[in-house]
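Heads up: the structure comes next, in structure tokens.
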Amino acid sequence: MLFCAGEPPCRLLGRTGIWLRAEAPGELTLGEMKRCMAIIEDGGTVSLRTMKRDLPRSQMLAIARYRTEIVAVGAIKPVRKDHAAAIAAKSRYSFPADTPELGYVAIDAVHQGHGLSHKITRILLSRHTGQLFATTDSPRMKENSRGCRVLPRRKRMGR
């Protein structure tokens, strides 16, 4: 069975057998949400407590599935004004505190290396209007951000 075959917002990614779709967090079952959290946790570099609180409250998710199994996820996180203001101050770039963050882009280890992070980011950006910000400590994600408009860091931000 192919997931979301025939649904307009869904895309088959080449011959990979992977389907990509933007979804509201409420469209996922509890088991699917837990699978997303496990993929993000395995990717490391996030606060698990914050992720478990915020992922279900995200504005939008991009979900990649191989057959019916979730293999990758990304999110437009809920607005966190204090966090956004702190990032703006640390980075020395001004942006509104009500700017949402693009993040939690994580790929199951078996499916890495196929450009899924780019595709997840692209679908989230295509479905969102307005500004977003993103941060990462992941060397792989920093490398994959080529082609995106990334502001240079004026000073080391730290964690």
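At a glance:
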| read-out | value |
| --- | --- |
| Residues satisfying the stated conditions in segment 98-136, i.e. modelled with pLDDT under 90 and more than 23 Å from Val71 (Cβ to Cβ) | Thr129, Gly130, Gln131, Leu132, Phe133, Thr135 |
| Segment 51-92, residues that are touching a residue at least 60 places away in the same chain (Cβ under 8 Å) and of a type in the set (A, V, I, L, M) | Met60, Ala62, Ile87 |
| Of all residues making up segment 54-80, the number that are within 20 Å of Leu125 (Cα to Cα), of a type in the set (D, E, K, R) and part of a strand (DSSP E or B) | 1 |
| Search result, residues across segment 81-128 that are farther than 24 Å from Gly17 by Cβ and part of a loop (DSSP other than H, G, I, E, B) | Arg92, Tyr93, Ser94, Phe95, Pro96, Ala97, Asp98, Thr99, Pro100, His128 |
| Some residue of segment 40-58 being closer than 14 Å to Phe133 by Cβ, of a type in the set (Lys, Arg) and within 16 Å of the chain's Cα centre (by Cα) | no |
| Residue that is farthest from Val73 (Cα to Cα) [pool: residues in segment 23-47 that are part of a helix (DSSP H, G or I) and among the charged types (D, E, K, R)] | Glu27 |
| Residue within segment 87-102 that is small (Gly, Ala, Ser), under 22 Å from Leu132 (Cα atoms) and surrounded by 19 or more Cβ atoms within 10 Å (Cβ to Cβ) present | no |
| Only listed residue being touching a helix residue (DSSP H, G or I) at 6+ places or on another chain (Cβ under 6 Å) and under 19 Å from Ser58 (Cβ atoms), chosen from Thr99, Thr121 | Thr99 |
| Segment 86-117: number of residues that are of a type in the set (A, V, I, L, M) and at positive phi | 0 |
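The values are calculated or read from the model by the stated rules, or taken from the named source; none is laboratory data. Remember, predicted model here, so these are calculated numbers, not experimental data. Positions of Cβ are generated from backbone atoms using ideal geometry, with glycine treated the same way; all protein chains shown enter the neighbour counts.
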